[in-house]
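> Attaching a single structure in structure tokens format; questions to follow.
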Amino acid sequence: MEKIRAVLGTNVLVGKNRRPLLAAKFISELEAVAIIVDDKDVSGGNYDEWLSDHDDHPVMATALVGEAEFLVTEDKDFPPKKKFAGTSVITVEAFASRMKIGLEK
């Protein structure tokens, strides 16, 4: 499987439609392969015109510092199908389809 650099928003991991035990297991598995980055390492960038919620700035900064291809989120404040500095905003369903994995409901 090709390696993909992605940032998963917290709503993807622990959103209202996710089961807590499944989320905990998934997070545990991610920690084994994840590269940890600090959003404070980003230099420059102004998301005010692009993101309506200032609390989302660290999420976008994390994606940029991590050189993520994708920011996977269900947060409607992130414009879907948009690209910012090389990072595409994508839904969980679109990411799962791209990764060829099924989603449990």
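Bear in mind that the values in this text are calculations on the coordinates, not laboratory data. Every value quoted in this text rests on a predicted model; they were computed, and no experiment measured them. All Cβ positions, glycine included, derive from the backbone under ideal geometry; neighbour counts span all protein chains shown.
> Calculate the spin-label point distance for Lys81 paired with Asp53, positioning each point 7 Å from the Cα along the beta-carbon direction, and give it in nanometres.
2.2
> Which whole-number percent is the relative contact order of the range 6-99 (Cα, under 8 Å, 6+ apart)? Before the final figure, lay out the partial values.
Working: 106 pairs, mean separation 29.7, N = 94.
Averaging sequence separation for qualifying contacts and normalising by length gives 32 percent for the range 6-99.
> For an R0 of 25 angstrom, estimate the FRET efficiency from the Cβ-Cβ distance between Lys25 and Met99 and round to the nearest 0.05.
Working: r = 17 Å, r/R0 = 0.69.
Plugging the Cβ-Cβ distance into 1/(1 + (r/R0)^6) gives 0.90.
> Sort Arg5, Arg98 so the one with the fewest other Cβ atoms within 10 Å of its own Cβ comes first.
Details: Arg5 12, Arg98 15.
Ascending number of Cβ neighbours within 10 Å: Arg5, Arg98.
> Calculate the all-directions average of the projected area of the range 6-99's alpha-carbon convex hull, and give it in nm².
The directionally averaged projection comes out at 6.2 nm².
> Still on this structure, I have one more. How much length would be gained if the chain were fully extended between Ile4 and Asp39, taking 0.36 nm per residue of separation minus their Cα-Cα distance, in nm to one decimal?
Going from the current span to full extension adds 10.7 nm.
> Another one. Could you tell me what percent of the DSSP beta bridges with both partners in the range 6-99 are antiparallel, to the nearest 5?
Expressed as a percentage, antiparallel bridges in the range 6-99 total about 25.
> Tell me the net charge near Asp77. Cut-off is 12 Å between Cβ atoms, Asp77 excluded, with +1 for each Lys or Arg and -1 for each Asp or Glu.
Result for the neighbourhood of Asp77: -3.
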